[in-house]
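S.K.: Provided herewith is a single structure, encoded as structure tokens, for subsequent inquiry.
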Amino acid sequence: MALNQRSGATMTVAAAIFAAGSIGPAHAQESTNRVAAETDWSVFVEESPKECWAVSAPRETVNTRGGQPVQVRRGDILLFATFRPGSSTPEISFTGGYPFAPDSTVGVTIGSNEFQLFVDGQWAWAGSPEEDQRLLAAMRAGAEAVLTASSTRGTNTRDTFSLFGFTAASEEAQRQCAD
């Protein structure tokens, strides 16, 4: 499936989740409902079309240019596992809060496992359902995920996500979309 077709609703909902302050204690907007908060991860359900997410914001971000730390303005930085009815394989995606450099990839390191996500604008996805499954297994077994990427302006980013609670959140998101 083409990258720009894989997660249309997820792109729209990311802004709604953060606009509503939903990663924190506030409530989500009408069409997206926060159904669980599992430590560093939250679970949201979109009803039309039905999609369910386990989602988290990074616990640490580092931005560098030319090897030196820099202050940059970034939008929402989120890591998702998206489930849809009829599919046991989630879609793992990431938005870094800026346009990724063209023809680049986002590196994902979980323990000794390394993955590459393919970029399209401000979003990145695994290349296949099989890669999504490998990422899901690594995320459920890991303690943290470190995502590295480059922006169109030459900024290198390193975002560290805790995976504490990811297994429970991803299982809940999958259960919510099994209906």
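S.K.: Can you tell me what percent of all Cα-Cα pairs in the range 56-117 are more than 17 Å apart? Kindly include the intermediate steps, with their values, before the conclusion.
M.R.: Values: 1056 of 1891 pairs.
Of all Cα-Cα distances in the range 56-117, 56 percent exceed 17 Å.
S.K.: Just flag the trypsin sites (Lys or Arg not before Pro) in the range 57-93 sitting in loop per DSSP whose Cβ has no more than 11 other Cβ atoms within 10 Å. Mind showing how you got there, number by number?
M.R.: Numbers: sites: Arg59, Arg65, Arg73, Arg74; in loops: Arg59, Arg73, Arg74.
Listed in order of number, the matching sites are Arg73.
Each value in this text was obtained by applying a stated rule to the coordinates, not by laboratory testing. Predicted model only: the values in this text are computed from it and were never measured. Every residue, glycine among them, receives a Cβ derived from its backbone with ideal geometry; neighbour counts consider all protein chains shown.
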